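Taking it in order: structure first as structure tokens, then the write-up.
The values are calculated or read from the model by the stated rules, or taken from the named source; none is laboratory data. Just so you know, these numbers come straight off a predicted model, no measurement behind them. Neighbour counts are summed over all protein chains in view; Cβ atoms, including those assigned to glycine, are modelled from backbone coordinates with ideal geometry.
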Amino acid sequence: MTELKPAGIRVVVAEDHPIVADGITAVLARAKDILLVGQARNGAEAIELLKQHQTDIALLDLRMPLVDGIGVMKWIKRAGSSAKPIILTIYGGESEVSQATEAGAKAYLLKDSSPPHILKTIRRVHAGNALISCDRVTTAPGEKSSHLKPLELEILALIIDGYDNRSIASQLGLRPHSVKYHQRGLFSKLGVRKRAAAARQAIERGLLGTC
């Protein structure tokens, strides 16, 4: 007799590419604290699943047939659903991040994200941490302002939690030198040189607050 997985973070996945969908569901299946309650091939199916199941996290492809991820997030807002949306996409441009943020996304995952990164994002969003900044980062006059990248926001959140670079790398499934690279970009956008200053800027600007 198959042992049933105990209820945990309840997740609906909406992804129209079978290989990607299978990979994501396999990652979720290995997590003891996450329960997949439904899988959709398009946005319309995702909405039906959200109507039928109490859901904590909705992992949504940004571009799907019938109803796209933005449309599903708009429905979540209108319906007052408890599901917190996380966007899954191959598109990493600033315009996509802006669009997802405005629609209510709490985090933004590229489809080639590592399994530890996917699981960490789900857990942090479920705990109430939005990993997309609602505000643009202020830059010097004449420079183009830009969003912090989702991975930069994750690193920033872990810095605030007191993790060192090696621990951040372990948490996000990255190599330490990759963390250093992204941290340099993060510090440059915040106009700081040290971790403490970066943490202070994040708190003062509300960069990790809910949207």
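Quick look at the values:
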{"item": "Meets criteria (within 21 Å of His117 (Cβ to Cβ), outside any loop (DSSP other than H, G, I, E, B), within 16 Å of the chain's Cα centre (by Cα) and of a type outside the set (Asp, Glu)) for Ala58", "result": "yes"}
{"item": "Single residue of the stretch 45-82 satisfying the filter (among the acidic types (Asp, Glu) and touching a Gly at 6+ places or on another chain (Cβ under 6 Å)) that is nearest to Arg123 (Cα to Cα)", "result": "Asp61"}
{"item": "Cβ pairs under 8 Å, 6+ apart, first in the stretch 180-195 and assigned by TED's automatic domain parsing to the domain that holds Ser170 and farther than 14 Å from Arg166 by Cβ, second of a type in the set (A, V, I, L, M, F, W, C) and surrounded by fewer than 13 Cβ atoms within 10 Å (Cβ to Cβ)", "result": "Gly191/Ala140"}
{"item": "Subset tally (residues that are at pLDDT 70 or above and at positive phi) for the stretch 133-184", "result": "2"}
{"item": "Output for the stretch 158-204, where each listed residue is among the small types (Gly, Ala, Ser) and assigned to a loop (DSSP other than H, G, I, E, B)", "result": "Gly162, Gly173, Gly191"}
{"item": "Qualifying residue in the stretch 4-16 (condition: in contact with a Gly (Cβ under 8 Å, 6 or more places away or on another chain) and without any contact (Cβ under 8 Å) to a residue 40 or more places away in the chain)", "result": "no"}
{"item": "In the stretch 156-170, the residues that are surrounded by 20 or more Cβ atoms within 10 Å (Cβ to Cβ) and of a type outside the set (A, V, I, L, M)", "result": "none"}
{"item": "Test result for Ala105, in a helix (DSSP H, G or I), modelled with pLDDT under 90 and aliphatic (A, V, I, L, M)", "result": "no"}
{"item": "Selection within the stretch 42-64 - surrounded by fewer than 18 Cβ atoms within 10 Å (Cβ to Cβ) and either of a type outside the set (S, T, N, Q) or in contact with a Ser or Thr (Cβ under 8 Å, 6 or more places away or on another chain) (or both)", "result": "Ala44, Glu48, Lys51, His53, Gln54, Arg63"}
